[in-house]
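Comments concern the structure below.
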Amino acid sequence: MGNYRAMVHYSFKKGMEAQGLKFLEDELVKKAQSYGCHFVELWQNERDPSIVLGVAIWNDLEDARRFQGKWVEKEKELMKFSAESPKHEFFMLKTTYVEKGKKAA
């Protein structure tokens, strides 16, 4: 599994959460794979559904950044649903916990 995580914080306008999530599912999730992304998860805040965290796993930080460069135009379209610009962060995996009795992925 990849060693890098791209985490993107989205903040949607109230009442636009469903449209924002649909846009991310239709555009981001499908396109990231073609740039070497292993998978994308979208996490919606339980207390405030306007807050969504996107987590993507990559082998290579350069692949993630190359995709991010191509994604810029789509993010401009996403802004019609957003309260503010998405915040991007990249992390390198340092430690993994695996439940006792299970194999690491």
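The values are calculated or read from the model by the stated rules, or taken from the named source; none is laboratory data. As the structure is a prediction and not an experimental result, all values here were calculated from the model. Cβ: placed from backbone, ideal geometry, glycine included. Neighbour counts: every protein chain shown. SASA here: full protein model, heavy atoms, side chains in, ligands and nucleic acids out. Shrake-Rupley method; radii C 1.70, N 1.55, O 1.52, S 1.80 Å.
Some observations on this one:
- Residue within segment 8-20 that is more than 19 Å from PHE81 (Cα to Cα), part of a loop (DSSP other than H, G, I, E, B) and open to solvent by 30 Å² or more (accessible area, probe 1.4 Å) present: no
- Only residues that are within 17 Å of LEU24 (Cα to Cα) and open to solvent by 70 Å² or more (accessible area, probe 1.4 Å) were counted in segment 64-87, giving 8.
- Picking from residues in segment 37-63 that are loosely packed, with under 14 Cβ neighbours inside 10 Å and among the aromatic types (Phe, Trp, Tyr), the one that is modelled with the lowest pLDDT is PHE39.
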